[in-house]
Amino acid sequence: MTDWDETTLGKIMALDIDAVEVEADTAYEIVGVLNRGRGLLYRGPINGTETSYKTLNRIAPGQVVYSRLKAFEGAITVTPASLGDAYASQEFPTFTCGGRLIPEYFALLTTTPRLWDTLQNLSTGMGGRRERVKPKDFLTIRMSLPPLAAQQRIVHVMAAVDAHVDALADEIAKTDTIWWALAAEMIEGLEGVRTVRLDSIAEISGGLTKNRKDFEQPDLIEVPYLRVANVLRRYLDLREIATIKTSPAKADALRLLPGDVLFNEGGDKDKLGRGDVWKGQIENCIHQNHVFRARVTDPGFDPRFVSAWGNTFGQRWFETFGTQTTGIASINKATLSRFPIPGVALDAQRGWADRLYSAVATHRVLSAELADLSLFRSALLAALLNREIEISDSYDALLPEAVS
């Protein structure tokens, strides 16, 4: 096996801060660092007159940079080689890797929980009293350093995996774009069509309201309980379903049936009115009071179309006509009851629903693949760093350049 060197960061990288004086008539592209090793946060340009800082740190390509204040959240990364002019405050110290450390290799380490935990341990305190991670302390972090050839092999293997991750993420983004394009086409195509109120074609009800007295009643039963966190735009997330005790009568009255259209009451713009059609995935499941149920009773309306219309046209409608409490939009039963549904032919409804749900199905398949691939990436990287898997010297033939 290849020998790895036990060392500290101070022996393989150096603090390298390029502080520049801020000039009033100069624009500066400002960056930050995302948590959990997710790279740079591009904040956009500011003029020198828009900051109180006298100096800014110039951020160069291939440098290690972290947030002194948010280091405990894993806010550390290696800047991309393609980075242009970029600046950050003094809260973002920068380091240059020495000859024994490939920046791309350390970039992989910044995506690992092991490094995040180490940074968290260096940052003591809680909340606003949490201490910043000082550069001198950062450089004391110990690590096992493989030879350059082994670093290069690990970087090359992980780059291939990351290319697949990026390709899947790109496909998901394209599918999302297609869905919104279909939504816009549907909204435009149905503009001017006569509408009916939702409560004229469906029975609308709120869910279970927790009441202490309910827990004091005899003969309570425990049932699955759908919450707002489960009701997302275009689909239901049923990976974590809570349970709750209630009376048999309430459980029966609130039991979800296949075809029920679910609406999230909101609380913020991203949650407002989002939802999907219940397909009977979980037996005897009920819903909480922040999730509304519309049970379509008019055979001339397809529940999938009602849901699709809520997720598309409803996004802006609910924001406009929803209840505004301290600037937070939400919907109540009265608002949902008058939500306008286009009274188009059933065949047309099904046509729009089929197209939109086809895009949703593709999006979910790709998202599941991405989740699986991300888990594989984490496991593979951990195995490579723990030396459970070692890449043989023969792999060098696959590298774009010879490794010395």
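The values are calculated or read from the model by the stated rules, or taken from the named source; none is laboratory data. Quick caveat, the model's predicted, so the values are computed rather than measured. Cβ: placed from backbone, ideal geometry, glycine included. Neighbour counts: every protein chain shown. We work out accessible area using only protein heavy atoms, side chains counted, and drop any ligands, DNA or RNA first. Shrake-Rupley method; radii C 1.70, N 1.55, O 1.52, S 1.80 Å.
Things worth noting here:
- Test for residue 81: is it crowded, with 18+ Cβ neighbours inside 10 Å and over 21 Å from the mean Cα position of the chain (by Cα): no
- Beta carbons closer than 7 Å, at least 6 apart along the sequence or on distinct chains, never pair a first residue in region 182-194 that is over 12 Å from residue 352 (Cβ atoms) and hydroxyl-bearing (Ser, Thr, Tyr) with a second that is in a loop (DSSP other than H, G, I, E, B) and open to solvent by less than 20 Å² (accessible area, probe 1.4 Å).
- Residue in region 103-115 that is over 17 Å from residue 385 (Cβ atoms), open to solvent by 20 Å² or more (accessible area, probe 1.4 Å) and assigned to a loop (DSSP other than H, G, I, E, B) present: no
- Test for residue 247: is it out of contact with any Phe, Trp or Tyr (no Cβ under 9 Å at 6 or more places or on another chain), among the hydroxyl-bearing types (Ser, Thr, Tyr) and open to solvent by 50 Å² or more (accessible area, probe 1.4 Å): no
- Boolean, residue 70 is under 12 Å from residue 32 (Cβ atoms), open to solvent by 60 Å² or more (accessible area, probe 1.4 Å) and touching a residue at least 24 places away in the same chain (Cβ under 8 Å): yes
- Of the residues in region 369-389, not one is open to solvent by less than 70 Å² (accessible area, probe 1.4 Å) and among the aromatic types (Phe, Trp, Tyr).
- Scope region 136-148; condition over 12 Å from residue 387 (Cα atoms) and either open to solvent by less than 20 Å² (accessible area, probe 1.4 Å) or charged (D, E, K, R) (or both); matching residues: 136, 137, 138, 141, 142
- Qualifying residues in region 309-366 (those that are β-branched (Val, Ile, Thr), in contact with a helix residue (DSSP H, G or I) (Cβ under 9 Å, 6 or more places away or on another chain) and part of a loop (DSSP other than H, G, I, E, B)) - the one modelled with the lowest pLDDT: 331
- Any hit, region 67-81, residues being in a strand (DSSP E or B) and either of a type in the set (Gly, Ala, Ser) or modelled with pLDDT under 95 (or both): no
- Exactly one residue among 96, 26 is farther than 19 Å from residue 139 by Cβ and either open to solvent by 50 Å² or more (accessible area, probe 1.4 Å) or more than 26 Å from the chain's Cα centre (by Cα) (or both), and that residue is 26.
- Residue match in region 124-147 (condition: closer than 22 Å to residue 367 by Cβ and free of Cβ contacts under 8 Å to residues at least 60 places away in the same chain): no
- Odd one out for residue 293 among (1) basic (Lys, Arg); (2) at pLDDT 95 or above; (3) surrounded by 21 or more Cβ atoms within 10 Å (Cβ to Cβ): (2)
- Elements of type strands (runs of 3 or more DSSP E) in region 149-242, at least 3 residues being in contact with a His (Cβ under 9 Å, 6 or more places away or on another chain), open to solvent by 80 Å² or more (accessible area, probe 1.4 Å) and hydroxyl-bearing (Ser, Thr, Tyr): none
- Among the residues listed as 351, 343, the single one being under 23 Å from residue 309 (Cβ atoms) and in contact with a strand residue (DSSP E or B) (Cβ under 6 Å, 6 or more places away or on another chain): 343
- Taking every residue in region 150-164 that is farther than 12 Å from residue 380 by Cβ and pairing it with any residue that is part of a helix (DSSP H, G or I), at least 6 positions away or on another chain, the pairs with Cβ-Cβ distances below 6 Å are 151/105; 153/395; 155/104; 155/105.
- Residue count for region 132-158, restricted to those that are under 30 Å from residue 69 (Cα atoms), under 27 Å from the mean Cα position of the chain (by Cα) and at pLDDT 95 or above: 2
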